[in-house]
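Below: one structure, written as structure tokens.
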Amino acid sequence: MSLNLPAPAVALAIGAHPDDVEFGCGATLAKWSAAGAVVHHLICTDGAKGSWDPTADVASLVLTRQAEQRAAARALGATGQCVFLDWVDGELDSGVRQRWEVAYWIRTLQPTVVLGHDPWKRYRLHPDHRHAGLLAVEGIVAARDPHFFREQALPHHRPEALLLFEADEPDHVEDVAGFADAKLAALHAHTSQLLSTMGIDESAEVHEVEAQRAAFDERTLAGLADHGRLEGVAEGEAFKLIDEL
Ligand SMILES: [Zn+2]
């Protein structure tokens, strides 16, 4: 188990959907942003399945979720880009076309550290999370070697580290003391997801909404405590670290 990478100059977090990055590594990105890192988000799908309302207008949901993702990035203090690849939510694949795009953005943004879903997490149900994880891994392989996708006409780029969140076998912790509030603020910025992923029903009575919000915050903080305990810190985010890239 290792603790704390040096704050990178540039970090690129790759998520399947708007909000995945904040759940997986929001506090770490807030910490690095405060240390001067340029933090970018790369979101693979359009998030159009993120509603339990069968009558939802999905075209406007997509735009809402992009705006929420930008607000969440600001809440983390991130000063980089939010890039949306806009693949269909629920139908993400990790084929050559998708890999081409991820490699393009790794070469363009030149991250020191890439963060993504652990594609090898056992018993994972959501295919988008698995494919987004594979795209982070395989996008790095394509981006780092000069003969892959030469038509991109971009310099190849080899990041120094890959951190996989939701890790099946975590072996690295980032101490995030002082950055839990930023993570919570960023999660709350995904207002269209309050009901479906955070259990906050805004149509309920005010005191119930308050209680649901408090319960969500408590669960999130408990998660940081659990991750921190792996390496003896009060609040942490745990990852699988791959640094032989
Ligand atoms: Zn997701």
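Both radii are taken from the alpha-carbon atoms of the chain; with Rh as the Kirkwood radius, Rg/Rh is 0.96. Among R213, R130, R150, the largest mean-square fluctuation in a Gaussian network model of the chain (Cα springs under 10 Å) belongs to R150.
For the Cα trace of segment 144-245, dividing Rg by the Kirkwood Rh returns an Rg/Rh value of 1.15. If you run the Gaussian network model on the chain, springs between alpha carbon atoms under 10 Å, then out of L125, L195, L187 the most flexible one is L125. Straight-distance candidates among the lysines for linking to K49, with alpha-carbon spacing under 30 Å and chain neighbours fewer than 8 residues away dropped: K121, K183, K240. Against the empirical curve 2.2 N^0.38 Å, the C-alpha radius of gyration of segment 45-129 lands at a ratio of 1.22.
Once backbone amide H atoms are built at 1.01 Å from N, V10 has V38, T112, V113 as its partners under 5 Å, excluding neighbours fewer than 5 places away on the same chain. Got a sec? Which residues in segment 186-206 would a label at A215 touch, if it sits 7 Å along Cα→Cβ and we count backbone N under 20 Å? Counting only backbone N, you get 187-206. For segment 164-171, 3J(HN,Hα) computed residue by residue from phi via the Karplus equation (6.51, -1.76, 1.60; θ = phi - 60°) reads 9, 8, 6, 5, 5, 10, x, 9 Hz, glycine and proline entered as x. Residues whose amide H lies under 5 Å from that of C82, counting only those 5 or more places away or on a different chain, are H41; hydrogens are built 1.01 Å from N in the peptide plane. Length available on full extension from L125 to E151: 0.36 nm per residue minus the Cα-Cα distance, which gives 5.8 nm.
Out of the GluC sites (Glu not before Pro) in segment 51-151, which ones are loop residues according to DSSP with at most 16 other C-beta atoms within 10 Å? Those that pass, being in a loop and sparsely packed, are E91. Extent of segment 76-208 along its three principal axes (Cα atoms, max minus min coordinate, largest first): 59, 34, 30 Å.
For A177, the residues 5 or more places off, or on other chains, whose built amide H falls under 5 Å of its own are E235.
With the Kirkwood sum run over all distinct C-alpha pairs, segment 29-90 has a hydrodynamic radius of 12.5 Å. Based on alpha-carbon centroids, what's the gap between segment 200-223 and segment 169-191 in Å, whole number please? Taking the Cα centre of segment 169-191 as reference, the centre of segment 200-223 is 17 Å away.
Mean separation of Cα pairs under 8 Å and 6 or more residues apart, divided by the residue count, gives the chain a relative contact order of 26 percent.
Go ahead and set up a Gaussian network model of the chain, Cα springs under 10 Å, then flag whichever of H188, H207, H17 fluctuates most. Among H188, H207, H17, the largest mean-square fluctuation in the Gaussian network model of the chain belongs to H207.
Any read-out appearing in this document is the output of simple, stated calculations on the displayed coordinates, not a laboratory observation. The shown structure was predicted, so the numbers you read here are calculated from the model rather than taken from an experiment. A quick note on method: Cβ atoms are made from the backbone with ideal geometry, for glycine too, and the neighbour counts reach across all protein chains shown.
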